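Remarks on the structure that follows.
The values are calculated or read from the model by the stated rules, or taken from the named source; none is laboratory data. All of these numbers come straight from a predicted model, not from anything done at the bench. Don't worry about glycine lacking a Cβ; one is built from the backbone with ideal geometry, like all the others, and counts go over all protein chains shown. Calculation scope for accessible area: heavy atoms of the full protein, side chains included, ligands and nucleic acids excluded. Shrake-Rupley method; radii C 1.70, N 1.55, O 1.52, S 1.80 Å.
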Amino acid sequence: MGESARELTEIIETPEGTFTVKLTLDDLGSIYPGMIRYTIEVLHGTTTVYTYAINSYEAPPISLFDTRKAAEIVFARLVHDVASRPEAYVRPRLFTRPLPGTGAADVVILQGSPRRFGNSAKVASWCYDEATRMGLTSRAFYLHEMDIRPCIGCYVCYNHGYCPVDDDMPAIIRALETASVLVVCTPVYTGTVPAPLKALMDRCQWLHAREKILGKEVHARGLLVTVAGRRGAEPFVCVTRVVDMFMKNLGIRPAAPVLIGDLDRAGDVGVIAGAEDDIRAAFRALLTPRDEG
Ligand SMILES: Cc1cc2nc3c(=O)[nH]c(=O)nc-3n(C[C@H](O)[C@H](O)[C@H](O)COP(=O)(O)O)c2cc1C
């Protein structure tokens, strides 16, 4: 067994050929302070047939073993397993859920209201229509009609760039990763966004991880259009900050948000003079090259 800089390598000769089990570590401190990722790979010849990863943010303080120890246990277990039953390791075994291969679009619209024919939905339809007129492809996600679970804070996405929570998020991540425009259409709920949209934002930590780990950078412009029941600026204080933070975390450049208050009945945004024109113009402006100054 070779060991250098706390990395381990074991070469195992078997009737199925030569296997190498490697434990490597990566300092992810530039993403999160003190984050270390341990990766254990099994290679059959030069082909990686199995990969296990664990990072130091996964282990709670009361863990019996620290992350390094856990990685060493997995390493030893894999060395033993490969030697005992090499036939189980001759073909690659993938334990991640890849993103869908299709579903890319120029424009992603996140519609955060449960009201299918409400104000946010109307705004979403204007943006969708405007994109179509401009010859762009769009995907509109009505979040209340999807299964989007809250982030469980496991930090597993920083291992391979995949999230272990099994729901409808992969299609959204796939679309966001390739889109050049993101529009968030949402009502204000108790000062911020409705729960499914907040869940989506938290789950997009997965996209942040993909950007950091896999270099999948998002180069999109973002627009928030938000509606509220009350008048004045106060209802929008929190929602604008939350959505701004969400976009910037992903490298999406937010445009000035469109805020429309004094609106409670579904669809009333359609009768506010100038609202549709303003929103369509704000959408078109996202596609207009601007001074990067
Ligand atoms: C649960 C709930 C919470 C709300 N919270 C606020 C709020 O904090 N401030 C506000 O101005 N309006 C609030 N509203 C009103 C909505 O923002 C408003 O009715 C909006 O036009 C709904 O948009 P939609 O048609 O897209 O659903 C709330 C509405 C609901 C149902």
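The table that follows gives values for the structure above.
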quantity	calculated
Crossing angle, helix 275-286 versus the chain [Cα axis fit, 0-90 degrees, rounded to tens]	40
Sequence ranges 132-144, 178-190, ranked by mean other-Cβ count within 10 angstrom, highest first	178-190, 132-144
Surface per residue (accessible, 1.4 Å probe) for the chain, Å²	50
Reach of LYS212 by Cα under 14 Å, taken over aspartates and glutamates that are not fewer than 8 positions away in the same chain	ASP26, ASP27, GLU177
Sequence-distant lysines (8 or more away, or on other chains) whose Cα lies within less than 17 Å of LYS198	LYS248
In Å, descending, principal axis extents of the Cα set of the chain	77, 42, 40
Computed over segment 131-266, Kirkwood Rh from alpha-carbon pairs, angstrom	15.7
Sulfur and carbon atoms: percent of accessible area, the chain [1.4 Å]	53
Percent RCO, i.e. relative contact order, over the chain, from Cα pairs under 8 Å lying at least 6 residues apart	15
Where only C-alpha atoms are counted, convex hull volume of segment 46-183 per residue in Å³	154
The chain: angle of helix 169-178 to the longest principal axis, Cα-based, in degrees nearest 10	80
Acute angle (nearest 10 degrees) that the helix 67-84 long axis makes with the longest principal axis of the chain, alpha-carbon atoms	60
Reachable lysines from LYS69, criterion Cα separation under 18 angstrom, eight or more residues apart if same chain	LYS22
